[in-house]
Structures are given as C-alpha cells and as structure tokens.
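Participant: Let me begin by handing over the structure; questions about it come next.
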Amino acid sequence: MIKIKCDYLGGAVAVPTDVIDKHLKLAPVASFKVLLFILRNPEGTADAEQIAMCTGLAKLDVTDCLNYWESNGVISIDDEINEEAVKTAIGNAKCVKTPEEKTDKSENKNVNVRSLPVKKPTQREIAMRLSEEPELTLICNEAQTILGTFGYDTQALIVMIYDFFGFPPEVIITLLQHQKFEKKTSSAAIKSRAEDWAKRGIDTLEAVEKELLVLEKINEVYNIVKDTAGFTSESPSPRVAKYLRQWAGEWNCSSELINFALEEANKVLTDANKLLKKWANSGITTPEEVKIQQKKSLPKEVKKSYDTEKVGRNSVLDWAKRYAAEEENE
C-alpha cells in the first residue's frame, strides 16, 4: 500500500478529482508538476518563466504544459500580475528541510538531489528575493567581501543555491571561502561544488568541516604523488580527486602505498585503483607488506636432482673413451 507522508496540519493542496480522472493518462508527465505548483499558489503565479525557475523545468516545456491545461479549461491565463502572489510563489518553492531530514542527509552520502536548473532568475526576481529574505542579503554582502565585486551570474547562482538546496548562510559562506582558497571562484566551479555537497548531504556546518578536512587530505596526498603519476596541474582534477578521496579517505591508504600502486600500474589510474582496492581488502598498508605478499605468491623454484651440465659433459667423455677404445682394438 502506498500512502502520502504529509503533515496536513501544516497545509495541503487539493487536486480536483475530475482533473485526475480525465487527464492522468493523457496529460504530459511534466504538466502535473506545473499544475501542482499552480494549485500550491491559488492567488496566481507570474508566468512560464517563474514556474520554470521554481520547478526546474525548461521554460518551453512549461509553456507547452500551460497551453495543455488552458486548452482543456483547467486554468486561465491573463496579463495581470499580482506582485505579492509572485513573492509568495517563489517563497513557497524554497527547499525547506526539517532538522531530522538534515540529520538523515548528513549520514547518507548519496542523497537524491536535483542539479540546479539551467534557467537563472531574472534581475527582478533576484531583487524580490533579496527584499524578502534578510539572510540572502547577508550572504550576498558577505560574498562581496570574499570574492570581490561580482556580476549577475554569481549573484543569481547564490540565490539559486539558497533557494533550491536550502543551504544555511554559514554553509554558503564557507563554500565561497573554500573556493577562494582554492582559487576556483568562477560561477561554474562554485556551482559544481554546491551541487556536489547537496548530492552528498553536506548541508550543515559540521558536515562542511568534515568535508574540508577530507579535501585537505586529498590535496596533501596529491602534492606527494603527483610527480609519480605525472600530474602537472596545481590541484587535482575532479576525476583524480574522486580517486584520491576513495584511496586516502575511504580506504585509508598511505601516500607511500598510493605512490607504489601508481608505479606498479604504470601511472594508469584504473589499474592503480584495482591494486589499492585489493590491498585494502587484504589489510595491507605499506609497500613492504605488498612485496612480502608478492614473494609468497611466486611459484617455488624447482630444485634439480642432478647437474645437467655435468651429466652432459660426462656422457660426452664416456662416448669419446668408448670410441677411442674401439679404434685401438681395430
């Protein structure tokens, strides 16, 4: 039996049964996401652009969905805009999490979290969010101190991280400080880090502090092994960092063992990964232990029961003597 988990005292949305009965099979899947957003905001929503921003759908898809519902007489569309309704709708779309949910996320490294939508909020929507969220204004002001003057892209990104991931101010500010420390302050780098943290449930200051310790260890190991592996960049690429997180963080392999594995694998990361996984499962922690195991696994040398060279030499001598004796007898 499947039941909805919802605190109805905290609010509920009623979906007309007539809509469900007539359109559940025929309507596009995304159209119900659009309809739920509209039902959640009965005072009205602004336009397809706003719905796209708040639902994560593409604006073109939202427009198609709106046309479907309008043509079937479920919604009406006009040019009037209720500013208060727009503010309320955007606020309702914010990802709000309870403390219990945050605890569960921090324990689960593979949280099912969507990526940030491609569509950014407009300047008008950003101004609206800043006017209604003092926390968001605080974050943007602090971001200016950390990153220096930044433009629309970074400001929109900060608003999206706050609204879609629900990160508290201290998490966003710490994230920006870390990006500044790593000299990776582009919008793409900040977005990548935020999505990674969201997907792994790193959304509290305590979880962030643990993550920063892991990142520090990854960078430390990278600086030790990069010459052996032939890496030339100052910091590890996402692919290399993923391997180092597993090797040094999860499997607790030492830098010496990682170096040894890279040498054994001729710098091929996938092969080094197989070796380190095998050694970690066997409880091996040093190159010396690997060498001992390798010696044990070598086949035993076959001991000769006789000296073949000596035997061969003696046989030739015996034949020569016999041949000489036969010649004398003749």
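Here, each number is a calculation from the coordinates, and none is a lab measurement. Quick caveat, the model's predicted, so the values are computed rather than measured. Note that each Cβ is placed from the backbone with ideal geometry, even for glycine, and that neighbours are counted across all protein chains shown.
Participant: Based on the Kirkwood radius over alpha-carbon pairs, what value in µm²/s does the Stokes-Einstein equation return for the translational diffusion coefficient of region 111-159 at 25 °C and 0.890 mPa s?
Facilitator: In µm²/s, the coefficient rounds to 209.
Participant: Shifting gears a bit: If the limit is 23 Å between Cα atoms, which of Lys184/Lys278; Lys183/Lys217; Lys217/Lys277; Lys33/Lys120; Lys242/Lys277 go over it?
Facilitator: Lys184/Lys278, as the Cα separations exceed 23 Å there.
Participant: Would you mind ranking Ser31, Ser192 so that the residue whose beta carbon has the fewest other beta carbons within 10 Å leads the list?
Facilitator: Listing Ser31, Ser192 from fewest to most nearby Cβ atoms yields Ser192, Ser31.
Participant: Can you give the extra length, in nm with one decimal, that the chain gains between Glu220 and Ser71 once fully stretched, where that is 0.36 nm per residue apart less the Cα-Cα distance?
Facilitator: The Glu220-Ser71 span can extend by a further 47.6 nm.
Participant: Taking 41 Å as R0, compute the FRET efficiency from the Cβ-Cβ separation of Ala58 and Thr232 and round it to 0.05.
Facilitator: So, using R0 = 41 Å, E works out to roughly 0.60.
Participant: Between Ser282 and Ala241, take the C-beta separation as r, use R0 = 25 Å, and let me know the FRET efficiency to the nearest 0.05.
Facilitator: Calculated value: 0.50.
Participant: Against the globular-protein guess of 2.2 N^0.38 Å, express the Cα radius of gyration of region 212-259 as a ratio, rounded to two decimals.
Facilitator: 0.99
Participant: Can you give the FRET efficiency for Val29 and Asn252, using 1/(1 + (r/R0)^6), R0 = 56 Å, r = Cβ-Cβ distance, to the nearest 0.05?
Facilitator: Working from the Cβ atoms, E equals 0.80.
Participant: Okay, moving on. What is the spin-label model distance, in nm, from Gln144 to Asp18 if the labels are put 7 Å beyond Cα along the C-beta direction?
Facilitator: Output for this residue pair reads 5.2 nm.
Participant: Can you sort Leu212, Leu136 from fewest to most other Cβ atoms within 10 Å of each residue's own Cβ?
Facilitator: Ordered from fewest to most neighbouring Cβ atoms within 10 Å, Leu212, Leu136 come out as Leu212, Leu136.
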